[in-house]
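Following: one structure in structure tokens, then a few remarks.
The values are calculated or read from the model by the stated rules, or taken from the named source; none is laboratory data. Just so it is clear, the structure is predicted and the values come from calculations on it, not from any experiment. Glycine gets a Cβ as well: all are built from the backbone with ideal geometry, and neighbour counts include every protein chain shown. These area figures cover heavy atoms from the full protein model, side chains too; ligands, DNA and RNA do not enter into them. Shrake-Rupley method; radii C 1.70, N 1.55, O 1.52, S 1.80 Å.
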Amino acid sequence: MNTKFTVSVRDLVEQIERSGDINFRFSTRSNALEGIRGHQKLQKSRSDNYLAEVKVIDQINFDELELEISGRVDGYYPDSDNFIVEEIKTIKVDVETIPASVSRLFWAQVKVYACLLARKHEVESLTIRLCYLDLNTQEEHQLNQLINRDELETFYQKIVNQYIVFLRNKLTWVRARNDAVESLVFPYNEYRVGQREMAVTVYKALKNETQLVLQAPTGIGKTIASIFPAIKSMPTLHYEKLFYVSAKVSGQLMARNAVQDLKQAGLKIRDVTLTAKDKICFTKGSLCDAEFCEYAKGYYDKLPGVMEQVLLSDRSLDRIEIERIAEEETMCPFELSLDLSTVADIVICDYNYFFDPVVYLRRYFENKQSRFILLMDEAHNLVDRGRDMFSAELDKQDFLDLKSLVKKVSPLLAKRLTRINAEFLALLKNKKVALETKEGVVLEDTPIGLHSALRNFVELAADSLQQNQEASSQSDLLNLYFLVLAYLRTSEYVDENYRYLLNFGANKSRKKGRKGKKVCSVKIYCLNPGPKLAEGFKRITSSVCFSATLNPQSYFNTLMGVEDNAAWYQIESPFSPDNLGVFRTSYISTTFNNRTASIYELVDTLANIFTAKKGNYIVYFPSYVYLLAVLEKFTERHAQIETLVQSRRMDEDERNSFLDRFTAEGEGLLGFAVMGGAFGEGIDLKGPRLIGAIIVGVGLPQIGLERDLIRDHFDQVEGGPHGFEFAYQYPGINRVLQTAGRVIRSETDKGIVCLIDHRFNEQRYQRLLPPSWQMVQARNRQQLVQQLDNFWQRVEITEDY
């Protein structure tokens with residue numbers, strides 16, 4: 001049976017004919033809507049016999065494969081005496097400035113369409129036309145070539161034959177990969193308890209092409225239990241590519257390690273890890289253009305050679321390896337990672353490459369019919385991440401800063417920026433009374449005046465960027481241009497799940513020179529990301545979302561955009577409940593109003609817990625401000641106990657140094673960290689490296705306008721009211737449960753979780769805690785100390801663990 005492949009005319013041409021530099025000025029993404037309107041305008045202006053948006057398909061059969069090439073012709077005149085095939089391109093630059101490498105692609109595209117149409121209509125000679133529409137002047141620039149069918153056939157066969165070589169190489173690789181997969185066995189001596197159950201459940205979901213939402217306890221090895229069956233399914237279930245997405249770098253690292261273990265067990269597979277552009281870029285702040293960045297120059301000329309070398313092996317392409325290749329070849333590392341992903345079997349990346357409307361991987365998910373698998377690690381993070389991805393915010397000061405840079409060299413652009421500032425001021429004036437007592441208010445109506453000013457800015461900014469004017473401010477202009485584009489795109493799908501906000505309050509920006517200034521911003525805030533996330537899941541054949549904390553089901557079902565026919569599955573903890581001591585206090589209140597009064601009782605309780613069994617503990621707080629306040633009092637009263645503090649905005653090296661301090665040697669230490677932060681999940685401190693998690697408070701997010709709007713929204717929707725739960729309680733308890741999961745990581749681990757807050761004794765919170773927890777209530781410190789002593793004596797912790 002032949003293997004079937006499909007490719008669009010555009011993708012075919014780009015893969016074979018693309019050459020030259022990376023040049024952001026000729027990206028079609030930035031003005032897509034305006035370009036569509038330009039196409040439609042020209043098409044409507046043509047004569048009655050003009051046929052627009054005609055689909056063409058070519059089916060090609062070879063010995064071992066079938067190839068379908070398809071696309072839509074912008075338009076053509078089917079008159080046999082004057083047969084004209086037209087390709088329309090919208091521009092904002094002079095035609096003469098278009099690079100030869102770009103126009104070569106355009107001509108190649110129209111030649112393919114012309115060849116297929118010439119066959120269909122049996123014409124031997126025809127005209128191919130490249131029609132540029134200048135969006136600034138609305139003028140047409142037509143370039144015509146008279147060409148015969150034989151020339152078109154020769155060109156078409158040349159690029160098809162080159163593409164067939166690529167497909168045959170791909171097919172050879174897939175067969176070798178599949179042979180290795182079919183003989184692959186689980187890479188470890190045995191499955192952990194619960195691990196085989198998860199692997200079987202994942203495979204069944206992929207076989208049924210359904211969405212699986214799976215809750216499995218921390219420590220059973222969910223990463224390999226998802227990746228192994230997914231890879232095993234690729235030959236038999238004909239999946240083409242596996243995407244493993246994680247919200248944290250630590251999760252991506254565990255996926256890479258699992259793939260490496262499988263390779264050592266005999267697997268042949270190509271894996272690529274994508275790194276955010278702002279992290280991997282060699283020339284941060286420069287434009288993606290050969291005039292400003294040496295790594296963009298000649299990029300597409302070098303790419304085929306690099307791809308050829310990569311295809312010779314199955315080595316893992318992580319950030320370090322991609323940077324090495326890119327530096328050696330003087331190529332953009334970010335674009336290289338994206339291009340390398342096209343020949344990878346496994347792509348490891350962040351959530352945003354799959355869901356974010358601005359940066360998701362369009363090359364895979366636009367007009368594609370491929371069979372892909374999605375594995376989503378720590379899926380509970382998708383709710384807040386999704387809300388961020390589908391929200392957009394603009395800061396008034398950004399426009400003023402840019403104005404100061406361009407006012408001398410581009411007075412017209414400065415004028416547009418002044419207009420935007422005026423619209424911000426008008427909004428502030430209208431909400432002046434409300435903002436005297438609040439830092440943010442809801443805008444009842446769409447800020448039409450601001451949106452109009454933003455669109456005018458985008459049009460002029462696009463012109464300036466495409467003409468490479470005023471290089472000194474190009475980077476700042478480009479950054480703001482993309483921010484405004486993202487905002488305007490978000491505004492296009494605002495519905496009942498969104499609110500417009502006007503913020504005017506304390507500055508939280510890290511930008512230089514902003515300290516002490518009040519921030520004014522307009523924000524499109526997404527209350528319910530579920531519907532937009534659902535669009536992302538529809539791009540995939542089958543998906544598996546897994547985490548240790550995916551309860552309550554109603555909450556995640558709504559806010560994660562889970563499909564109606566999704567299967568929900570829960571794996572019970574395989575670890576003995578006797579190994580985990582869970583203590584809840586009723587004598588300390590950590591509510592905001594009671595924190596000062598209870599702070600000394602809290603710090604003495606922390607010291608008592610540490611003294612009861614010396615070792616490594618982490619205390620988790622709901623906010624960094626609260627953490628610092630408790631730390632100050634703790635060091636005053638208990639300076640003999642070593643402490644380790646999570647600092648704000650730690651980089652990867654600092655985070656690793658923090659974790660490296662938790663060793664099995666010494667008398668232990670007390671770590672201070674924030675719930676939901678870098679150390680609240682995704683860390684693996686086994687055995688004596690961590691013997692206790694002390695959780696201060698029920699994890700409620702900070703009270704504020706945005707959370708209150710979520711509450712109000714879900715109090716009013718069908719099936720409510722559950723606003724407080726969706727806005728505050730459920731997100732909070734998920735932080736608590738993730739934090740508690742840091743303690744027991746294996747069958748032999750023993751440790752404690754201490755829940756410090758009187759609210760943990762309330763039924764509304766107890767019903768959300770794991771039923772396997774054998775909780776003990778402490779009414780005072782003396783009782784807690786006795787309970788801790790009883791636990792540690794019972795589990796018989798020894799010095800060698």
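Some observations on this one:
- Sites listed here are GluC sites (Glu not before Pro) in the stretch 136-198 whose DSSP assignment is loop and whose Cβ has at most 12 other Cβ atoms within 10 Å: 139, 190.
- Phi-based couplings in Hz for the stretch 147-159 (Karplus 6.51, -1.76, 1.60; Gly and Pro marked x): 8, 9, 5, 4, 4, 5, 5, 4, 4, 4, 5, 4, 6
- Range of Cα positions in the stretch 146-236 per principal axis (Å), largest first: 70, 27, 20
- When the stretch 535-624 is reduced to its Cα atoms, the Kirkwood hydrodynamic radius in Å: 17.9
- Placing +1 on the Cβ of every Lys and Arg and -1 on the Cβ of every Asp and Glu, with nothing else charged, gives the chain a dipole about its Cα centre of roughly 2000 debye.
- Only protein heavy atoms count here; on that basis, with a 1.4 Å probe, residue 492 has an accessible area of about 130 Å².
- Taking each residue as 0.36 nm, the span from residue 611 to residue 44 lengthens on full extension beyond its C-alpha to C-alpha distance by 196.0 nm.
- Partner lysines for residue 277 [C-alpha distance under 23 Å; skip if fewer than 8 residues away on the same chain]: 241, 248, 297, 302, 511, 512
- Whichever lysines have a C-alpha closer than 19 Å to that of residue 120, once near sequence neighbours (fewer than 8 apart) are set aside: 55, 111
- Axis of helix 299-310 versus longest Cα principal axis of the chain: the two differ by about 60°, to the nearest ten degrees.
- Each of 171, 413, 85 was placed along the dipole of the chain (beta-carbon charges, centred on the mean Cα), and the one lying farthest toward the positive end is 413.
- Residue 764 - accessible surface, heavy atoms, 1.4 Å probe, Å² rounded to 10: 100
- The stretch 86-112 residues near the modelled residue 79 label - backbone nitrogen below 19 Å, point 7 Å along Cα→Cβ: 86-87
- Multiplying the residue separation of residue 311 and residue 482 by 0.36 nm and subtracting their alpha-carbon distance yields 58.1 nm.
- Inter-label distance, residue 60 to residue 209: 2.7 nm, where each label sits 7 Å from its Cα along the C-beta direction.
- Compactness relative to 2.2 N^0.38 Å, alpha carbon Rg of the stretch 389-466: 1.22
- Along the axis of the charge dipole computed for the chain (Cβ charges of +1 for Lys and Arg, -1 for Asp and Glu, origin at the Cα centre), the listed residues 246, 498, 331 are led at the positive end by 498.
- Overall, the accessible surface of the chain at a probe of 1.4 angstrom is composed of carbon and sulfur to the extent of 47 percent.
- Remark: accessible surface ordering of 117, 51 (largest first) is 51, 117, probe radius 1.4 Å.
- Counting DSSP beta bridges with both ends in the chain, the antiparallel % (nearest 5): 35
- Modelled label positions at residue 359 and residue 767, each set 7 Å beyond Cα in the direction of Cβ, lie 4.0 nm from each other.
- Karplus-derived 3J(HN,Hα) values for the stretch 440-453, using 6.51 cos²θ - 1.76 cosθ + 1.60 with θ = phi - 60°, are x, 9, 7, 8, 5, 10, 4, x, 4, x, 5, 5, 4, 5 Hz; glycine and proline are entered as x.
- 10 Å binning of all Cα-Cα separations within the chain, expressed as whole percents from 0 upward: 2, 11, 19, 22, 21, 14, 7, 3, 1, 0
- Residue 393-residue 601 FRET efficiency (beta carbon distance; Förster radius 51 Å; 0.05 resolution): 0.80
- Dipole magnitude for the stretch 1-129: computed about the Cα centre from +1 point charges on Lys and Arg Cβ and -1 point charges on Asp and Glu Cβ, it is near 600 debye.
- Each residue, residue 652 and residue 433, gets one label point 7 Å from its Cα in the Cβ direction; the gap between the two is 5.3 nm.
- Restricting the stretch 92-135 to GluC sites (Glu not before Pro) that sit in a DSSP loop and have at most 16 other Cβ atoms within 10 Å of their own Cβ leaves 122, 124.
- Length available on full extension from residue 455 to residue 236: 0.36 nm per residue minus the Cα-Cα distance, which gives 73.8 nm.
- Charge-dipole axis of the stretch 338-387 as Lys and Arg at +1 and Asp and Glu at -1 on Cβ define it, positive-most pick from 386, 341, 357: 357
- As a ratio to 2.2 N^0.38 Å, the alpha-carbon radius of gyration for the stretch 480-596 is 1.60.
- Solvent-accessible surface (1.4 angstrom probe) belonging to residue 281, in square angstrom, nearest 10: 30
- Rounded to the nearest 20, the size of the Cβ-charge dipole of the stretch 176-245 about its Cα centre is 140 debye, with Lys and Arg at +1 and Asp and Glu at -1.
- Loop-located GluC sites (Glu not before Pro) in the stretch 359-420 (DSSP state other than H, G, I, E, B) with a sparse environment of at most 12 neighbouring Cβ atoms within 10 Å: 366.
- Probe 1.4 Å, protein heavy atoms only - accessible area per residue of the chain in square angstrom: 45
- Residue list for the stretch 72-106, given a label point 7 angstrom along the Cα-to-Cβ vector of residue 151 and an amide N cut-off under 17 Å: 82-87, 104-106
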